1. Among rounded, prolate and oblate, which fits the chain when a ≥ b ≥ c are the square roots of the eigenvalues of its C-alpha gyration tensor, a/c under 1.5 means rounded, and a/b larger than b/c means prolate?
2. Assuming 0.36 nm per residue, please report the length gained on full extension of the stretch Arg17 to Arg47 beyond their Cα-Cα distance.
3. In Å, the Kirkwood hydrodynamic radius of segment 385-458 over pairs of distinct alpha carbons?
4. Kindly flag which residue pairs out of Lys75/Lys156; Lys71/Lys124; Lys270/Lys438; Lys207/Lys405 have an alpha-carbon separation exceeding 26 Å in this structure.
5. Suppose every Lys and Arg Cβ carries +1 and every Asp and Glu Cβ carries -1, with no other charges. What dipole size does segment 282-406 come out with about its Cα centre, to the nearest 20 debye?
6. Divide, for segment 1-160, the radius of gyration over alpha carbons by 2.2 N^0.38 Å, where N is the residue count.
7. Relative to the longest principal Cα axis of the chain, at what angle does helix 5-15 sit, 0 to 90 degrees, rounded to 10?
8. In degrees between 0 and 90, to the nearest 10, how far off the longest principal axis of the chain does helix 78-90 point, with axes built from Cα atoms?
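The values are calculated or read from the model by the stated rules, or taken from the named source; none is laboratory data. What you see is a predicted model, and the numbers here were worked out from it, not measured in a lab. Cβ coordinates were reconstructed from backbone atoms using ideal geometry, including for glycine residues, and neighbour counts include every protein chain displayed. These accessible areas exclude ligands, DNA and RNA; they are computed on the full protein's heavy atoms, side chains included. Shrake-Rupley method; radii C 1.70, N 1.55, O 1.52, S 1.80 Å.
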Amino acid sequence: PEDTVTGSFASFISAARPEHLSQTVRQRSKRMILDSLGVGLVGSTTRVFDIALRYCRELYPSVAVSSVYGKPGVKLSPTLAAFTNGVATHAMDFDDTWHPATHPSGAVLPALLAASQMLPPSTKPSGLDFLLAFNVGLEVQGRLMHFSTEAHDIPKRFHPPSVVGTLGSAAAAAKLLSLSSAQCCHALGIAASLAGAPMANAATQAKPLHVGNATRLGLEAALLAARGMEANPLILDDIPGCSGFSAFYGVYQPKPLPAPGQHHQFLLEKQDIAFKRFPAHLGMHWVVDAALSVRNLFINYAGSFSPALIRSILLKIPVSKYINRPFPSSEHQARHSFQFNACAALLDGEVGLASFSESSIQRQELRELLDKVVVEHPEDNVANFDKMYGEVALLLHTGDILTGKCDTFYGHWRKPLSKESLLKKFRSNASHVLPEEKIEGIITLVDNLENLSDSSQL
């Protein structure tokens, strides 16, 4: 029934039309699509991506339909292409982040790219259809996260894209496949049974699987619903004594999703997205900017950066166990270490792709800086991407103290990347696997997505 929470979501998915997307929503979502494509392309150069691709090609021989990031001529079945491209997107933890915390694009875009290639020529979705389905997937993720106050903080139990991302992928795919309202409802229910991954696998090679599975399984849920599979039509409602989607949250207060139109405003209209400047957990961006700030103070103070003058390094960070890693030993641990990212920024004056190589991680001078780190958790520094801050203080042997603090890093939704910065990031990422003319072609395609007659050209 449409008066249920689940029914309202299904009706929204089915009823959304291109004219419901404002110019702001279109522009912001196109920035997300471009960034996610670049992140996926550079992610296709990683070991974890190679493992996932080899697994799919060796164990699941299938009719080649959908393209794989960074691998010209390689095609897989639609769901496996979505999986491998999702893994690539999160392989370096370089993908966009929203608030409440999740990685929205990686869970949706690969499913839509794969599905657009799957559909026969007579029913190929246009670029505008593609853009609408993408935004439907974002909206479902954002609305689900707003049902729980727990979701507003840095997660402790489930990795958010594995939860809301799976349903967002199902919603986006259902929209692109033109499912009925009843089928959309069942797609959400099926997706809920395929969702969820524990936070303990953060900082391991298994974490990118969370996004790969979200986009793949959401697409599978929509395909199953299209073929007549049914699920609980109250999966998003709060039913006492019988957990549906509420199983993922300790506090869960769902609300119906208003019908698209005059009285509905997409969440992306209200809040922009955060784009990462370097490939690491979002929390790292606060401490890196704080570390770069205090490094400049140190150089003005001493004439150059000299670690020997530093007695200790004080980090003031929020409490979050899985990103408090004093001595990371792998690239994935380093991407999730406040200590490592602060020290790398201090030592090198920047953090980038090369910062997470094994040789960089194992440097003696970096290890000596890590030995000097002390961590504090001020009560006012909460584990929330909208409220947290990073502070780095250098306590010198002279007794002097130099301090750098960051409340909002460049790239945060309160301080968005400029068009020039976003294009620079995309070109840099894509250049690892594509020639310049193809890179510029993608930029043009995405910029004119509304006018594209066949979205599978992406």
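1. Prolate is the answer for the chain, as a/c is 1.5 or above and a/b outweighs b/c.
2. Length gained, Arg17 through Arg47: 6.8 nm.
3. Its Kirkwood hydrodynamic radius stands at 16.2 Å.
4. Where the Cα-Cα span goes over 26 Å, the pairs concerned are Lys75/Lys156; Lys270/Lys438; Lys207/Lys405.
5. Magnitude of the dipole: close to 120 debye.
6. Relative to the 2.2 N^0.38 Å estimate, segment 1-160 comes out at 1.10.
7. Roughly 80 degrees between the two axes.
8. Computed tilt is about 20 degrees.
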